[in-house]
Structure formats: structure tokens, C-alpha cells
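A short worksheet on the structure shown next.
The values are calculated or read from the model by the stated rules, or taken from the named source; none is laboratory data. Everything quoted here is computed from the prediction, not taken from an experiment. Cβ placement follows ideal geometry from the backbone for every residue including glycine, while neighbour counts extend to all protein chains displayed. These area figures cover heavy atoms from the full protein model, side chains too; ligands, DNA and RNA do not enter into them. Shrake-Rupley method; radii C 1.70, N 1.55, O 1.52, S 1.80 Å.
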Amino acid sequence: RHGCIASRQLFITKAAPLSLNFYIKQPVCYQDRNGSLQATVSGGIIPYQYRWTGSSSIDASAGALPAGTYTLSVTDAAGCVIARKDSLQNPAQLPLNLGSNRFICNGQTIRYDITVPGQTGIAYNWTGTNGFGSMQPIVDITQAGVYTASVSDLKGCNRTASVTLTPSDIKVENEFVL
């Protein structure tokens with residue numbers, strides 16, 4: 001109207017695309033609940049909202065996790081969404097197998113060997129009837145009773161098993177004809 005002209009420059013910047021990465025800490029021992037996933041998010045427009053599947057966490061990290069599959073969906077302030085799925089794996093269980101409960105005859109010796117092959121630093125422990133105890137992987141048992149063996153490794157992983165040896169009343173004759 002009066003010949004005035006106004007101008008203004010606007011610079012519109014586009015946010016970088018959302019990016020999502022995980023730092024993964026696997027569980028230490030078989031069936032432990034000490035694994036974790038730590039998310040690193042970049043791009044988009046902050047603040048971010050986090051939604052985990054498989055965890056009740058509402059932030060970028062989920063901890064105290066057992067082995068399993070977990071998904072994180074991240075939504076930025078503009079409503080853009082990125083998701084990532086990853087898994088925590090159970091480490092191998094320490095081997096320990098005492099077999100089934102069984103009978104033991106008078107004068108019989110039953111040998112158990114719980115040696116963990118291929119690993120160093122394994123601690124062995126046996127306890128049993130009548131004060132039986134040993135810290136050796138190989139034991140000879142001569143009495144009926146309940147015996148418990150345990151193995152532990154340097155990471156603090158443990159496994160325990162028990163076996164019951166029941167006395168047998170069966171008499172075996174040792175008469176032979178030649």
C-alpha cells in the first residue's frame with residue numbers, strides 16, 4: 001500500500017534419519033538374568049520415547065535380562081519410528097550328569113567322574129551320607145545314601161546334581177563248577 005516491501009529468509013533443515021544401535025551384554029551363566037541391551041539413538045528430533053518388547057524398561061537400556069529376543073521401538077518428537085530386534089543367548093551349561101538313582105550291593109564300589117573337559121579352574125565338591133565329602137572330580141562310593149556333586153567355574157557359574165544309592169539285599173552266590 002505504501003510501497004513497502006518486507007522479506008524474510010527461512011532456512012528449513014531436515015533432521016537426520018533415525019539410527020538405532022545396541023550394545024549387548026550376554027548373560028554370564030546358563031539361565032542367568034544378568035544380560036542387558038543398551039540402545040544408542042541418533043538423528044530425528046529429540047526427545048525420544050522408548051518401547052521395549054520383552055522388558056518393562058521405558059528408557060534406552062534394558063537390564064536384568066535372561067536369554068531371549070527383545071525388540072526396541074523408538075519414536076522421536078516428529079512421530080518417526082525406528083525399531084530393532086536382537087537376542088541374548090544362554091551360554092553353555094556346565095556338564096554334570098550322575099545318571100539315574102541306582103542300587104549298590106554290599107562290598108560294591110561305584111565310581112563317579114564329574115571332570116569338566118577342556119576347562120581350567122573348575123572347582124568340584126561332593127557331599128553325602130555319613131559325612132562323605134571330597135573336592136576331587138573322581139570319587140569311589142562304597143555306601144548307600146544320597147550324594148550331591150557340584151561344579152563351579154571361574155565366572156561363578158554353578159551346577160549341582162544328586163543321586164541316591166539304595167542298598168540291595170540281593171545275594172550273589174559265587175559257587176562255580178569246574
Pair list, Cβ < 6 Å and 6+ apart or interchain, from the range 1-15 residues that are closer than 17 Å to Gly44 by Cα to residues that are open to solvent by less than 100 Å² (accessible area, probe 1.4 Å) and in a loop (DSSP other than H, G, I, E, B): Ala15/Gly44; Ala15/Ile45
Residue in the range 10-24 that is loosely packed, with under 13 Cβ neighbours inside 10 Å and closer than 30 Å to Arg159 by Cα present: yes
Residue satisfying all of: in the range 25-53; part of a strand (DSSP E or B) and of a type in the set (Phe, Trp, Tyr); surrounded by the most Cβ atoms within 10 Å (Cβ to Cβ) among these: Trp52
Residue check for Gly99: surrounded by fewer than 13 Cβ atoms within 10 Å (Cβ to Cβ), in a loop (DSSP other than H, G, I, E, B) and touching a Ser or Thr at 6+ places or on another chain (Cβ under 9 Å): no
Out of Ile104, Ile110, Ile138, Ile114, sole residue that is surrounded by 10 or more Cβ atoms within 10 Å (Cβ to Cβ) and within 24 Å of Val28 (Cα to Cα): Ile114
Selection count, the range 54-83, where residues are closer than 13 Å to Thr40 by Cα, open to solvent by 20 Å² or more (accessible area, probe 1.4 Å) and within 19 Å of the chain's Cα centre (by Cα): 1
Cross-chain or 6+ apart pairs with Cβ under 8 Å, the range 40-67 first and acidic (Asp, Glu), then in a strand (DSSP E or B): Asp59/Tyr50
Subset of the range 121-178 (residues that are modelled with pLDDT of 95 or more, in a loop (DSSP other than H, G, I, E, B) and of a type in the set (Phe, Trp, Tyr)): Phe132
Flag if Val74 is at pLDDT 95 or above, among the β-branched types (Val, Ile, Thr) and closer than 25 Å to Ser162 by Cβ: no
